[in-house]
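See structure below.
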Amino acid sequence: MHRFLTCASALSRPALRAPAAQSMSRSSVRCYAKVKTETGFAGVEVVPDARERLVEVYTQTLEAIKAVPADAAYRKAVEGLTKHRLQVTRTARELADIEEAFEGQQVEELLILAQEELALIPRMVEYKPWVVDADHKEVQIIHKNYFDSGPSIQLEPKPEPEPAAAK
Amino acid sequence: MSSACSRAFGGLLRRSPVSIPTVQSTARLAPARFPTLAVRANSTESAPKPEKAWGNQWNYYNKYRSKQFDTLNYLKQIAPAWIKEVQLFDTGDVYIEIPRQKLPQVLDLLRHHTNFQYEQCMDIYSIDWPEKEERFEVQYVLLSVRYASRIILRLTVPQDVMVPSATCMYDSANWLEREVYDMMGIIFSDHPDLRRILTDYGFQGFPLRKDFPLSGYTEVRYDDELKRVVQEPVELSQEFRAFDFATPWEKLQAQKA
C-alpha cells in the first residue's frame, strides 16, 4: 500500500489515476498531485528520483552487455528487455505510468531488478554458458505424464524372471 | 477497496498463473515476457495434447505448462552449456539436470536475471540410488513469486564427493543443506555451518540411506543404576503375547470333535 501525501495542485488533466489511492472516489471532482511516502515493502525506501536512476542503470546495462558476443541469446534477451524498459521510462509522463506499464511493479522494485541485472552481466561474461562444444546437441524437452511417469531416472530394465519350470 | 488491494505489494496479490494484466496501457506498452528470442523454436518439441483427466482443472494446468514450456525454451537458449536434461510434466512441473560444478552459476542466473527471478529456495532434498554409479541425486526447488513459477534443479553426486553449497545465493539453503548432510552424508563445500540438525548428538550413520536399516543400530533407555540415558545395540524387545487367531466358533467345533 503506497502512502500518499495529497497536495492540491492545478493540473489541467482531470481524473489523473494514481495507484493505490483510497480516496479515488473524489478524483472525478478534483485532481491531486500525490507524493509517495512509503513503498509497502520492508527495507525498500522510496526513491524520489527513480526515473533518472533507472535511465542511468539501463544505459549502463546496455553498455555492459556489449561484452557478451552478439550472437548469444543472453545478450539479445537483456538488450531487448532493457531497451523496452528504457523506452517506457523515458516516455512515461509520470512514475505512475511506469508502474502501470509493468503490471504494478513499483519503480523501486524495477530499480532493484535493473541493478541486479547489471551486476549479473560481468559474472555471466565470466561463466559463459552460451559456449558449447561443436558436437553439442540441443537438449530435447522430455514430456512426461504425471500419472504414469514411473521413476524420474531411467534405470536399467530388470532382467526377465526365468519362466518357472511348471507342469 | 479491491482495487487498492490489488495494487498493493506491487500487484503481487492478484498474481496467479492465469492472471492477465487488466490495465489498458499494458496492452500496448508491455511485451511478452520473452520478447526477442524465438520461443518454441524447435517444432519437434511441441507438447503433446494432454489427456482430459480432472476436467476443468486442465485449463489451469495447460496455461501453467505452457508458461513453463516457454521458460524452458528461454533457458535452453540462454544457457545451453548448463543443461543436461529437461523433463516437463503435464502438470507443469519442471526438472532440469545440471552439471554439479555449475550449481552456483545456475543459481546466480536464475535468481538475478529479470526474466527468471527465482528468489526463493523452497526445498533441498536428496535421493539415494544405490545401484547407480553417481549414488545421490540432490534436488533444489526454486520458486519465482513474480512469475508464479516453480523449477526443480537436479544434480547427481557420487559418494564421498562434495557438492557446491547454495548458501552463496539462498539463505534458506543453510538448514536445508544441513538436513541433507545429516540424512545422507552429502558434504557441501563452502557451507558456513555444516553439522547435524535432526539426529541425536553423537549419532552415527546417515539414516535415509538405503543401506541404513529401518530400526537403526542403537536404541536408548534410561538406566536406573547409572542414573542416565544409555545407548545399546537395538533389540526392540516386546512383551510376549500369545496370538490366538482362531474364532470362538472354530474353538467350539474343535472341542466338540
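The values are calculated or read from the model by the stated rules, or taken from the named source; none is laboratory data. Only a predicted model underlies this, so the values are computations on that prediction, with no experimental measurement involved. All Cβ positions, glycine included, derive from the backbone under ideal geometry; neighbour counts span all protein chains shown. The protein model used for the area step is the full one, side chains on, heavy atoms only, and it has no ligands, DNA or RNA in it. Shrake-Rupley method; radii C 1.70, N 1.55, O 1.52, S 1.80 Å.
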*For the subset of region B:162-184 comprising residues that are part of a loop (DSSP other than H, G, I, E, B) and touching a residue at least 24 places away in the same chain (Cβ under 8 Å), which member is surrounded by the fewest Cβ atoms within 10 Å (Cβ to Cβ)?*
B:162
_Criterion (more than 7 Å from chain B (Cβ to nearest Cβ), within 26 Å of residue A:38 (Cα to Cα) and open to solvent by less than 20 Å² (accessible area, probe 1.4 Å)) met by exactly one of A:95, A:118, A:110_ = A:110
*Can you confirm whether region B:145-156 contains a residue that is closer than 27 Å to residue B:201 by Cβ and open to solvent by 10 Å² or more (accessible area, probe 1.4 Å)?*
no
_Qualifying positions in region B:118-144 - open to solvent by less than 10 Å² (accessible area, probe 1.4 Å), within 13 Å of another protein chain (Cβ to nearest Cβ) and under 30 Å from residue A:58 (Cβ atoms)_ = B:118, B:144
*asked:* Among the residues in region A:57-64, are any among the hydroxyl-bearing types (Ser, Thr, Tyr), at pLDDT below 90 and on the phi < 0 side of the Ramachandran plot?
replied: no
_If a residue must be open to solvent by less than 100 Å² (accessible area, probe 1.4 Å), without any contact (Cβ under 8 Å) to a residue 40 or more places away in the chain and at negative phi, how many such residues does region B:186-220 contain?_
20
*Restricting attention to region B:68-107, and to residues there that are within 16 Å of residue B:143 (Cα to Cα) and in a loop (DSSP other than H, G, I, E, B), which single residue is most open to solvent (accessible area, probe 1.4 Å)?*
B:93
*Total residues in region B:77-93, condition under 20 Å from residue B:63 (Cα atoms) and either more than 17 Å from the chain's Cα centre (by Cα) or at the interface with another protein chain (Cβ under 9 Å from one of its Cβ atoms) (or both)*: 7
*Can you find a residue in region B:145-158 that is among the aromatic types (Phe, Trp, Tyr), within 19 Å of residue B:72 (Cβ to Cβ) and in a loop (DSSP other than H, G, I, E, B)?*
yes
*Those residues that are among the small types (Gly, Ala, Ser) and part of a loop (DSSP other than H, G, I, E, B), I need them from region A:45-55; list them, please.*
none
*asked:* If I go through region B:97-117 residue by residue, how many of them are at the interface with another protein chain (Cβ under 9 Å from one of its Cβ atoms), of a type outside the set (D, E, K, R) and on the phi < 0 side of the Ramachandran plot?
replied: 7
*Which of the following residues is closer than 30 Å to residue B:84 by Cβ and under 19 Å from the mean Cα position of the chain (by Cα): A:51, A:75?*
A:75
*asked:* So for region A:59-69 (the condition being touching a Lys or Arg at 6+ places or on another chain (Cβ under 7 Å), over 28 Å from residue B:98 (Cα atoms) and within 12 Å of chain B (Cβ to nearest Cβ)), does at least one residue qualify?
replied: no
*What is the residue count in region A:78-92 for residues that are surrounded by fewer than 23 Cβ atoms within 10 Å (Cβ to Cβ) and under 15 Å from residue A:52 (Cβ atoms)?*
5
*Hey, residue A:104 hits all of (1) small (Gly, Ala, Ser); (2) at the interface with chain B (Cβ under 7 Å from one of its Cβ atoms); (3) within 25 Å of residue B:75 (Cα to Cα) but one; which does it fall short on?*
(3)
